[in-house]
Amino acid sequence: MVVEAPPTPAATVAPPRHRKIPPAVLLIGPSVVFMALLLGWPVVQGVLQAFKDDQGFTLEFVNRMVQDPYFWPAVRNTLLLIVVMIPLQFALAIAMALMLRSNPRLHKVHFFIWAIPLALSDLAAGLVWLAIFNDRGYLNSALSWFGLQGISWLAYDNQTSMFICVLIAELWRATSLVLIIVVAGLQGIPKDYDEAAQVFGATFWQRLRHVTLPLLKPSLQVALILRTILAFQTFAVAQALTGQNFPLVVGETYRWYTGLQNPNVAAALALVILVVSMVTSIFYLRALRDKNQGGLR
Amino acid sequence: MADIQISNLVKTYPGGSERATDDVSLSIRDGEFTVLLGPSGCGKTTLLRMIAGLELPDSGSISIGGRDVTYLPPNKRNLSMVFQSYAVFPHRKVRYNIGFGLRMAKVPADEIERKVQWAADLLQLGPYLDRLPANLSGGQRQRVAVARAIVMDADVLLMDEPLSNLDALLRLTFRSELKKIVQDLGTTTVYVTHDQSEALSLGDQVAVMRKGRIVQLGDPLDVYDAPADQFVGGFIGSPPMNFLDAAVSHDGGTLVLGEQQLMAPSILRSFAGKDVLLGVRAENVTVSNQRSSGDVAATVLVVEPMGSTVLLTVEVDGHNLKVQAPPTFKTAPRHTVWLGFAPNTMRVYDRETSMALEAK
Ligand SMILES: Nc1ncnc2c1ncn2[C@@H]1O[C@H](COP(=O)(O)OP(=O)(O)OP(=O)(O)O)[C@@H](O)[C@H]1O
Ligand SMILES: [Mg+2]
């Protein structure tokens, strides 16, 4: 920064220039305004709604949220779902992408079939799986066909089986997003690296660990952030399958807003999701940062 | 260490109409340095990749050290390879890259370190060991690829144009360096290049390829002195072999070049009265300003002083010839010079098939 530079002859002689708006500002200006209106304003509204009543600032809504008997189970379920689901999804997606890379017969058809769930709304996906898991659903019919006694998979008192049902439905529904990102990432890696590793005696697992996964890191990072944020928002599938019996944080937001008609507590819950999502993204970005900056490509 | 037997390899790429390798057979003895030489797109890399197991042949077989490896995956073949595209891992430092194969084979860390250091010294990579490949020049990256290949105690060393990206001086240095390294290692080596001088200087045997076939296989000097056909003669040597249309006289004793006559090599006795193609290397033609008996007159077109010699492009009977004269030789375009051909250095080819003619 220049603090009180002594006036140089050139500076004093130079004609006064019109202050022009830098082109960078002109270019990003519209999108900044757009973002502020569409994203920033609702966030501000949400914060105000969660912390302000007629008398001004208050923590009452946050207290009510925390003291609600469903709140902590909802947090626990959401976290549990994420911790179990994300690794499974990534393992599945990477396995599927590697299978596609080996160019089996009809690999394009496989890819499209595997991507279909992406085109389905999550509520529709929930209803599909409800048709499978309910007491008279396809699963129990199949079991009875084998002469086995059916099980109430979605019974309100069986948390474990409800969890598994929600998990399976979510796996089916949302793995394709990870798959598509991983497939795109794999396509960007030249085949030579894998071939070189093969020639130098690396086994499949060594190649995966030392070559493919490190090269895939940028794609995995994107997929991980997207999937985790979306997993915090899991809602419609659980709602369709279990109603309120398997509470999740976004489900609670919905219940407070529509069922209990309390938008303030709902806003507080929404803020919880916002903060947790942001913290996780920052964590991922830092944890997966390339130690050798600029090392890739 | 092992010998390599390749028999009748045929490979057509999916979607390709021509065979990338067409019925290639090749036998390489234990410890031998074989060079695959040929123009771009003739199937050298394809053949090398099949030896490596990165490409599977449509038919034919490959065995290494007596073991049939035709369909074995690459990691079971105990090879090492320098890729034409280097394939140096971009996410790892040079040190890790060079030691990669040893690490995969679970060699103790101190031995890896020692070997990496050895290879880095040989290839002048010492200062770059802790850099990422992205921060190296193309030639340095290529040397990393070579270093990664030579640290392995592999049965077979495959190299696909490993010196292509070095400047002329470094290439010359590393060429002899590489020859020494490989001799010390004693590893059976298959080396791909399209540089004929590299092929001649490095190989124990040279396989010249064209359009997926091996057109000549032999000792470098044989390939140079007695090219099996016009293609090989034109491809090897700098300047390449000169070719002239000539006719053998009826008694078989002279060659007729348009208006002029020339002593014929003795093998031509059985081709009396036939039209042939004469092949002669620049250094086997003497050039002088005075006529002596048996000489052929030629008109000078271009004079190129090369330092150690003067390269002349001359015209004889409508054919352009490249010949060499001593650096002190004085001539100018449109002058006439006299060329002397030594009969026993001339090669004769069939005009239709362009194959070398052997005495019957
Ligand atoms: N993956 C591939 N798919 C289809 N055709 C290929 C493939 N790789 C090579 N070819 C074709 O096979 C032929 C031989 O290619 P190859 O790479 O073996 O040539 P090369 O002798 O190594 O050439 P260069 O000296 O340019 O490296 C070429 O005509 C090429 O177009
Ligand atoms: Mg090649």
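The values are calculated or read from the model by the stated rules, or taken from the named source; none is laboratory data. Treat the numbers as computed from the prediction; the structure is a model and nothing was measured. Virtual Cβ from ideal backbone geometry, glycine too; neighbours counted across all protein chains shown.
Side notes on the structure shown:
- Subset of the range B:14-38 [within 13 Å of ligand 2 (Cβ to nearest atom) and more than 17 Å from B:Leu217 (Cβ to Cβ)]: B:Ala20
- Hits in the range B:151-162 (condition: within 16 Å of ligand 2 (Cβ to nearest atom), surrounded by fewer than 24 Cβ atoms within 10 Å (Cβ to Cβ) and not in a strand (DSSP E or B)): B:Glu161
- Subset of the range B:163-172 that is surrounded by fewer than 20 Cβ atoms within 10 Å (Cβ to Cβ) and within 14 Å of ligand 2 (Cβ to nearest atom) - its residue that is farthest from B:Tyr191 (Cα to Cα): B:Asn165
- Considering the range B:169-245, the qualifying strands (runs of 3 or more DSSP E), each wholly inside and each with 1 or more residues that are free of Cβ contacts under 8 Å to residues at least 60 places away in the same chain and not small (Gly, Ala, Ser), run over B:213-218.
- Residues located in the range B:131-150, provided they are at the interface with chain A (Cβ under 10 Å from one of its Cβ atoms) and either surrounded by fewer than 24 Cβ atoms within 10 Å (Cβ to Cβ) or over 16 Å from B:Leu166 (Cα atoms) (or both): B:Arg131, B:Leu132, B:Pro133, B:Ala134, B:Asn135, B:Arg148, B:Ala149
Every residue, every condition in (1) modelled with pLDDT of 95 or more; (2) within 12 Å of ligand 2 (Cβ to nearest atom); (3) within 14 Å of another protein chain (Cβ to nearest Cβ), yes or no:
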site	(1), (2), (3)
B:Ser40	no, yes, no
B:Lys44	no, yes, no
B:Ala52	no, no, yes
B:Gly60	no, no, no
B:Thr70	no, no, no
B:Asn75	no, no, yes
B:Phe83	no, yes, yes
B:Ala87	no, no, yes
B:Lys93	no, no, yes
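- In the range B:56-90, the residues that are more than 19 Å from B:Leu163 (Cα to Cα), within 16 Å of ligand 1 (Cβ to nearest atom) and surrounded by fewer than 19 Cβ atoms within 10 Å (Cβ to Cβ): B:Leu56, B:Asp58, B:Gly60
- Test: residue in the range B:51-58 that is part of a helix (DSSP H, G or I), β-branched (Val, Ile, Thr) and touching a residue at least 60 places away in the same chain (Cβ under 8 Å): yes
- Residue selected from the range A:195-206 under the condition surrounded by fewer than 21 Cβ atoms within 10 Å (Cβ to Cβ) and assigned to a helix (DSSP H, G or I), by the criterion nearest to the other protein chains (Cβ to nearest Cβ): A:Gln206
Quick grid of which residues meet (1) modelled with pLDDT under 90; (2) under 32 Å from the mean Cα position of the chain (by Cα); (3) not in a loop (DSSP other than H, G, I, E, B):
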position	(1), (2), (3)
B:Val287	no, yes, yes
B:Ser292	yes, no, no
B:Glu304	no, yes, yes
B:Leu312	no, yes, yes
B:Glu315	no, yes, yes
B:Lys322	no, yes, yes
B:Thr331	no, no, no
B:Trp338	no, no, yes
B:Asn344	yes, yes, yes
